[in-house]
1. Please name all residue pairs, on different chains or six or more residues apart, with Cβ atoms under 8 Å, provided the first residue is in the range 208-232 and is within 21 Å of S267 (Cα to Cα) and the second residue is of a type in the set (G, A, S) and more than 10 Å from ligand 1 (Cβ to nearest atom).
2. If the requirement is being among the acidic types (D, E), at pLDDT 90 or above and either touching a Pro at 6+ places or on another chain (Cβ under 6 Å) or surrounded by 18 or more Cβ atoms within 10 Å (Cβ to Cβ) (or both), which of these qualifies: E196, E165?
3. Does K186 satisfy the condition of being within 17 Å of the chain's Cα centre (by Cα), of a type in the set (D, E, K, R) and more than 16 Å from ligand 1 (Cβ to nearest atom)?
4. One residue is enough: does the range 217-229 have a residue meeting the conditions surrounded by 12 or more Cβ atoms within 10 Å (Cβ to Cβ), of a type in the set (S, T, N, Q) and within 16 Å of ligand 2 (Cβ to nearest atom)?
5. Filter the range 399-432 for residues that are open to solvent by 50 Å² or more (accessible area, probe 1.4 Å) and under 30 Å from A164 (Cβ atoms) and give the result.
6. Does E396 satisfy being on the phi > 0 side of the Ramachandran plot and open to solvent by 60 Å² or more (accessible area, probe 1.4 Å)?
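The values are calculated or read from the model by the stated rules, or taken from the named source; none is laboratory data. Treat the numbers as computed from the prediction; the structure is a model and nothing was measured. Glycine gets a Cβ as well: all are built from the backbone with ideal geometry, and neighbour counts include every protein chain shown. Side chains included, ligands, DNA and RNA excluded: accessible areas come from the protein's heavy atoms. Shrake-Rupley method; radii C 1.70, N 1.55, O 1.52, S 1.80 Å.
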Amino acid sequence: GLLASLPLCAQRSQVLRPIHRLLSCPRTVAAEIKREEQSSGSVETGDGAVSSVCSVAATHRGRGKGEETGIAGERVACGHGRGAFGNRGLYAVVEFCQKESVTSLQNGTRTPSMGTEAAIPFRSRVFNLKTKNPSNPTSEQSRVQCSIHAPPSSKKLLELLCYAESIDDQLNTLLKELQLTEENTKLRYLTCSLIEDIAAAYFLDCTVRPFGSSVNSFGKLGCDLDMFLDLDEIGKFSANKTSGNFLMEFQVKNVPSERIATQKILSVIGECLDHFGPGCVGVQKILNARCPLVRFSHQASGFQCDLTTNNRIALKSSELLYIYGALDSRVRALVFSIRCWARAHSLTSSIPGSWITNFSLTMMVIFFLQRRSPPILPTLDSLKTLADAEDKCVIEGHNCTFVRDLNKIKPSGNTETLELLLKEFFEYFGNFAFNKNSINIRQGREQNKPESSPLHIQNPFETSLNISKNVSQSQLQKFVDLARESAWILNQEDKDRPSSSRSQPWGLAALLMPSVVNSASLAKRVRKKPASERIKSLLESIKSSSPENATSTNGK
Ligand code: CTP
Ligand code: MG
């Protein structure tokens, strides 16, 4: 069921194909492994069930692929829950070979009685497993292999970049090290399905789907998990009798607008997550944003989650970005490097505000690649022309049609290296007429800005919207200055690349360092600004870093 509903149906998808096995499988549970003395969770397994989990996990290791169960390879992924609220123990996702094992596990569970604390008996697929003897781990436990979900440290990353053969090699290394692993992607789908279990308490046939960088192929390990609560399936089951004298339909509660309906739905789901969702902490209901959302931290997976509903267009833009990422191997390498570069220089931030976002940066890279000669990426209009009847998609009056069969898109004849593209990207945007032009991937050429925001990037489907409306003039200026300086650094390297002294950060590694040039020139500019300007921009960033405000401007 879930695979059919994935937004991504491109044929070249390798990573996403097996996901449905894990998710559509009722045998999957998320288990939290805890030492006896640390335990404080909501559901406790009985003794018999504990050994069943351990031995099932161990048995599973001995089996190969292609079993009757259809579950591939080893499926025990461990990780530390590292939400915003610190470490909460070691978690593992356990897949069972036999359905009965899960039944026996569930039969053996009970609600914990916890002295002074009371537990809310809310049904969940997250269990606590308690070891009997913490100082002496059993042989089965020590045989469990963990897959790591954390990106390498900056030090390790810089080291890897310095040892690379070329700048092209550096960009590809960065991509390889930071991209989401298959396990991490699966964990994102699994987390969505756990939230779906909770939302289903209110909306029986709802679906929760990931979107944004979790699925658009531009996600870095550790990126947030954007979730879409899809209530459309519910409508499909509504009785609708059209013949005879009476029209029959389910009775529903009416509210004055779609927006109010969205707010009400998210409000109850937010309450439900907060009060009953095991491991859902730090729940914030941000309902007055342009796109209302519920933000929370999911402890078992360690993901920071943003749950929205009624923004189906964002699913389409995630799918579009996925298509662009799959069209040419240079796209993702370049986007990852630009995203990292921006993060390294604090052009982007995990706190919403007047900063440029990763989504905007990705659009800028796509636009730049459309502008090469010959183009590396096609325009959105040409993807629309290639679409057939099955691709047709109109959402709330917006035409979101584009071709989804990658084989119908002619590969680019452009053979430019990543090194050249990186340098040209910085030169292009270091000299872009942001004051009068808008970035538009639909037509693949600059357009006159329709409004006066410092940075204007047209939303590909809701064309009257600017996806970077939140960006302030000072943040845009910082981007331009850094782009120019980075182009300069790469040009210098071209002239006298010291291939012998590569122990110093070079190429991409040099761009990710806080360079002397950058800090000196930026410091000078900051000093030159009149005090009133500095206070104004400070106020601006404080104002926009409050979640309510900031999210209302990012226009998700
Ligand atoms: N989105 C949008 N318009 C915006 C902001 C976001 O349509 N102004 C959609 C995009 O599809 C985007 C998704 O919402 O991919 C999620 O937004 P966000 O989490 O801000 O960006 P990501 O692409 O997920 O990148 P990040 O890794 O920074 O989370
Ligand atoms: Mg995101």
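1. Within 8 Å, the pairs are V208/S193; V208/A199; R209/S5; L225/S301; L229/A199; D230/S5.
2. E196
3. Yes: the conditions hold for K186.
4. Checked against the condition, which is being surrounded by 12 or more Cβ atoms within 10 Å (Cβ to Cβ), of a type in the set (S, T, N, Q) and within 16 Å of ligand 2 (Cβ to nearest atom), the range 217-229 yields at least one hit.
5. Step one: filter the range 399-432 for residues open to solvent by 50 Å² or more (accessible area, probe 1.4 Å), giving 399, 404, 407-408, 410-411, 413, 415, 417, 420, 424, 427-428, 431.
Passing the criteria: P411, G413, T415, T417, L420, E424, E427, Y428, N431.
6. Details: on the phi > 0 side of the Ramachandran plot: yes; open to solvent by 60 Å² or more (accessible area, probe 1.4 Å): yes.
Yes.
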